[in-house]
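Everything below concerns the one structure shown next.
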Amino acid sequence: MSQDTPQTPFDRIGGEPAIRRMVDRFYDLMDADPAFADLRAMHAEDLFPMRVSLTGFLTAWMGGPRTWFDRENSCIMSLHRGLGISRETAAQWVQAMGQAARETVNDPPFVDAMMQALAHMSAGMAPPPNQDAA
Ligand code: HEM
């Protein structure tokens with residue numbers, strides 16, 4: 001890579017294989033750890049399609065190949081509207097992803113920056129503090 005080409009987050013994390021490792025760990029944790037039981041219960045029995053889709057979304061979001069955005073509904077916020085996400089389950093998502101990222105990505109400043117952005121996104125999917133779950 002030339003010095004003029006800024007490194008994307010996708011490059012820095014280690015490309016699609018690194019994202020897939022993190023996503024697999026995230027869903028494994030969600031599936032096995034009772035701390036994430038409420039979050040698990042919101043998802044379909046078969047997590048495989050989620051593993052593929054979240055890997056595709058994060059790949060595009062981090063500046064890698066943008067295939068995921070070619071689909072019909074590629075608005076991540078509207079895809080989550082109506083799922084009944086509460087502030088508690090949104091926090092579980094962030095906790096599980098934070099753990100998965102720390103365990104699989106050996107780059108603490110990168111993980112911190114990524115988790116800050118994902119925590120903002122997750123908070124936006126839940127009702128504000130003064131309202132009940134949708
Ligand atoms: C930054 C935060 C998040 C990202 C990037 C994300 C990403 C995704 C993606 C890519 C999908 C697959 C959509 C599809 O292919 O149609 C999905 C589905 C889903 N997400 Fe999220 N998500 C986030 C936060 C959350 C939170 C906070 C919750 C719940 C508390 C949640 C619950 C779900 C559920 C229930 C599904 C559908 C699962 C199913 O059909 O089995 N997500 N999410």
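Computed quantities for the displayed model
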| read-out | value |
| --- | --- |
| Theoretical FRET efficiency, 1/(1+(r/R0)^6), r = Cβ-Cβ of Gln116 and Phe48, R0 25 Å, to 0.05 | 0.30 |
| Degrees separating the helix 87-104 axis from the principal Cα axis of the chain, which is the longest one | 30 degrees |
| Dipole of the chain, positive direction: furthest Cα of Ile85, Thr5, Ala126, with charges on the beta-carbon | Thr5 |
| Angle between the chain longest axis and helix 48-61 axis [Cα atoms, degrees, rounded to 10] | 50 degrees |
| Burial order of peptide ranges 64-74, 25-35 (average beta-carbon count within 10 Å, highest first) | 25-35, 64-74 |
| FRET E, pair Asp28, Asn130, Förster distance 35 Å, beta-carbon r, rounded to 0.05 | 0.50 |
| Relative contact order (%) - criterion: Cα under 8 Å, at least six apart; region: the range 90-134 | 44 percent |
| Residue (of Ala100, Thr55, Phe36) at the positive-pole extreme of the chain, dipole from beta-carbon charges | Thr55 |
| Relative counts (whole %) of C-alpha pair distances in the range 14-125, using bins that are 5 Å wide | 2, 11, 21, 27, 24, 12, 3, 0 |
| Mean Cα-pair separation over length for the chain, i.e. relative contact order, pairs under 8 Å, 6 or more apart, % | 30 percent |
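Since every read-out is calculated from the coordinates, none of them should be taken as a lab result. Note that the structure is a prediction, hence the values are computed from the model and not measured. Virtual Cβ from ideal backbone geometry, glycine too; neighbours counted across all protein chains shown.
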